[in-house]
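Below is one structure, written out as structure tokens; the observations come after it.
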């Protein structure tokens, strides 16, 4: 899908980083060191991969200022991985969805669709909904009553944006994701039968959020479930009613966040993490994959485990657990030594007493 | 979405609970203590939130009979949370899906759709399928051959109800859920290659079941996968072939239940629980989030852990695990004391022997 | 759905296994011992179910050569479970999707669809895509630009096959599954804001793969995510960018595999397993349900735990953990015995010294 090309000196200017070496080399794509060819730009984000750089066929490379001359043209960046991402964006050919409404789409006369938005086949847009300028909806998409979708959004096939939900600008939602399903709220009677608590709130998704495939984001019971600016969510993630996810947080695949949880900003949740209801997780907290959060967490902590604890503490307990079988043998040996001591001491006392008695004679 | 309104005395009558104070106050919605305004009804389900009640702006409040006068109109209920749910249902404005078949829907001439059912855009109804009176299907929904859907069901966009499955009355299925995918059944040859065991059974879902978004409920290999009356299932739950889920059970998000498991009635499974195949879980068992069930469970137990054990027992083991590092230090100290004892005793014996020998002189 | 019928002697020939007893008995289906009737074929795959065989009403039964006469016609197979699967395939009536393109489908003039392929309602086929002979697509399916789908595939409703992905022959994809969603790739700036790394690779799925419902398979960042021949994947599984899954591996429900993982062939992953990024898992490795793989794994190992270790080792550690509370009591008792020893020894020494001193007089 990459066919654009730039001279290295142009990339230097567009990416706002200096270059070194031949600026006229023509680059038409980005690739990893192992596979990049002579017309591709590669990158060294981790010094341990330096040997791969030396054997790479890449035509140019993005490196850290600390890296010396590598015998080929270079872009110099203090954050080579970031510069690589920005370069890849320059070469990326977005999916060609032509502006306009596909003849099979159904748009309510009470909805508003920007003239340069693109609606593919079988997109439904309900009454009172609005689709902002430059937004593109692939096909087979349901946009409910009163949904507001901002500018330059990208919505993949089979997405449900249900009644009343609001999405900001440049939001990306991948295939099969549901925004605005009912929260899981029931009251029980004395016989343990459930009755539904109507879920009348919405989901609000702010600018620059990206949500993976087959995720579920429940609407609030009252008020809103809120995903703030710049949050990135992987696939198959469950976000319950009334959750707030703070700015620029990162949620890896298959995480489940229970109702009314509040995450701070820049939180990172590893894959398959679970967070119990009504907790608060502070800014910049990082939770290792598969952990379970059962208490609120102060800002800046690194946690792991089920239930989660500070990572260093978990490591200490885990190390103790690893020693357990050997250590139980050691304790058994210690027990034997104590038994032996007891016997010896008993004999000693008896013999001492004998001696004593002997002395008494 | 809330615009209906009732006088408190009318709510008292409709909800079949007594009121206290001014019965003429007009209520147009339900909300939590923190945000409810003067025309809203709130509730006190947990005595610890009493301070919130005192500072609430709610126009009226549902309380337990034990609560004294709170200086505003009250509904008196032995189960305030239940009464709140019932009240919220009175105010809830259901999604306005007009009866009738959308012109883009495709209904087999061999299917039967009740005249007052609502079929939205791009709903497919296959041969031999039937849609009961008052059922509403949003849009982009696949109803396979011979599917039977009862009365007053609500099916959200992107649901698949596959061939032969049967749903009772008042069943709710949220977006993206699949009912009747093939069970995961294969036989292996000596080389470890798999061949498919055709999955020829169905899924039967009884009255008043609600299933969340992006769930998967597999059809039986032979016979049926069966979700009984009143069961409530959260999002992203996996229910394998030939599973039975007993009446009024509650399954929280991201649970996985393997093939041929039988759950009793009123079982509660916390989020991300896994249950291994062919097990039986008794009535009223409750499993904590993230647990793994690897043995059948007697009725009435509370279990947790991987693998799960009775909750109190798990707590005891977990407490021991928490003490491990400190305790390993204590054992090391004990070892040192034993070593010291051994030395001392050896010296004592030697000295006693010396004494003895001395005495012998 | 079963209406074909065969004489037992015909089944013997078609399944290439000998029969014993009356070959003229007519069989019209397969069922388990408990429910199979006089016109059905059942099977004994596990000797412990022999009593069920004796009480079964099955008209004929598939047994191991070691099983003696059971008083009814038998098929003799060294792998009765495999033979049962093959027999069930003979009786299976595939879903009647007539060849041809449904009038509501939208096929790009630049796409190619085999004349005997079946495209149901609201199937979109993008420019440059091709659908092979005998492939059947139910309905409500999105096939992106340049997708290649081989022969005799079966694609259920609400599947997304996104731009550029390639599927081999006889591939089955269940409802709601997404093939080719973007990998979860971002670079962070110094302020912790994310920018997207365009995901320009594809997904390649080889022959005879089956993928369950509501799975997500991400496209590669560069190159391909690759699911090799004969792999079987259950529901709600997450496969990240650049993963390779080796031939004939089996992935149970709700597994998550992080980016750039390489699984060997014949690997078996239990339900809810998680595998961290960039690891290699050798051939024939088996991972127990709910385990977390945090290191690469040599071929042939059986692992379990969080983090996973060899199953026998885990069992030893788990047994030690189970003994912990009782064992902590034992150590407390041991501590008491040591204290007692210390006291006794101190007294003994004093008394010995007294004796000694006494002796000195």
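The numbers here are math on the coordinates, done by the rules we state, and not lab data. Bear in mind that the values here come from a model prediction, so they are computed numbers and not experimental data. Cβ coordinates were reconstructed from backbone atoms using ideal geometry, including for glycine residues, and neighbour counts include every protein chain displayed.
Miscellaneous remarks
- Across the identical copies, how the residue C:296 labels are spaced - nm, sorted shortest first, 7 Å along Cα→Cβ: 4.5, 4.5
- Both radii were evaluated on the Cα set of segment C:69-116; the Rg over Rh quotient, with Rh as the Kirkwood radius, amounts to 1.35.
- Debye-sum result for chain B in log10 I(q)/I(0), which assumes one identical scatterer on each alpha carbon, at q = 0.07, 0.08, 0.10, 0.13 Å⁻¹: -0.49, -0.59, -0.82, -1.12
- Antiparallel bridge percentage (DSSP; both residues within segment A:239-340; nearest 5): 10 percent
- Value of Rg/Rh across segment A:100-311 [Cα atoms, Kirkwood radius]: 1.02
- Only Cα sites of segment A:184-283 enter the Debye sum here, all with the same form factor; the resulting log10 I(q)/I(0) across q = 0.14, 0.24, 0.25 1/Å is -0.50, -1.27, -1.36, listed in q order.
- Taken as Cα centroids, segment A:247-274 and segment B:120-174 sit 34 Å apart, rounded to the nearest whole angstrom.
- B:226, C:82 arranged by Cβ crowding within 10 Å, fewest neighbours leading: B:226, C:82
- Exercise: per-residue mean of other protein chain Cβ atoms within 10 Å, A:251-261: 5
- Averaging 1/r over each pair of different alpha-carbon atoms in the protein assembly as shown and inverting the result gives 32.3 Å, the Kirkwood hydrodynamic radius.
- Averaged over C:276-288, number of beta-carbon atoms from partner chains that fall within 10 Å: 1
- For segment A:221-361, the convex hull spanned by the alpha carbon atoms encloses 144 Å³ per residue.
- Segment B:177-191-segment A:325-339 distance, computed between alpha-carbon centres (Å): 50 Å
- Residue by residue along A:94-106, Cβ atoms of other protein chains within 10 Å of the local Cβ number 2 on average.
- Highest-MSF residue in chain B out of B:62, B:275, B:227 [GNM, Cα springs under 10 Å]: B:62
- Relative contact order [Cα under 8 Å, 6+ residues apart], segment C:100-311, whole percent: 9 percent
- Computed from label points 7 Å out along Cα-Cβ, the spacing between residue C:339 and residue B:22 is 6.9 nm.
- Between B:330, B:229, B:342, the GNM of chain B built on Cα springs shorter than 10 angstrom shows B:342 fluctuating the most.
- Acute angle (nearest 10 degrees) that the helix A:80-91 long axis makes with the longest principal axis of chain A, alpha-carbon atoms: 30 degrees
- Remark: label point of residue C:45 defined 7 Å out from Cα along the Cα-Cβ vector; separations to the same position in other copies 4.4, 4.4 nm, ascending.
- Relative contact order computed over segment B:6-91 (Cα-Cα under 8 Å; 6+ residues apart), in percent: 30 percent
- Between 0 and 90°, nearest 10: helix A:311-360 axis offset from chain A longest Cα axis: 0 degrees
- Chain B, relative contact order in percent, only Cα pairs under 8 angstrom and at least six apart counted: 6 percent
- Between segment C:45-105 and segment A:203-219, the Cα center-to-center distance that results, in Å: 46 Å
- Per-peptide packing, taken as the mean over residues of other Cβ atoms within 10 Å, places A:116-124, C:169-177, C:67-75 in the sequence C:169-177, A:116-124, C:67-75 from highest down.
- Burial ranking of peptide ranges A:207-217, B:35-45 (average Cβ count within 10 Å, highest at the top): A:207-217, B:35-45
- GNM result for chain A, Cα springs below 10 Å: residue of A:323, A:219, A:339 fluctuating most strongly: A:339
- When the Cα atoms of segment B:215-261 are aligned to their principal axes, the ranges along those axes come out at 27, 20, 13 Å in descending order.
- For segment B:6-91, the spread of Cα positions along each principal axis, largest first, Å: 28, 24, 22
- Distances between copies at residue B:115, taken between label points 7 Å from Cα along the C-beta direction, are 4.7, 4.7 nm in increasing order.
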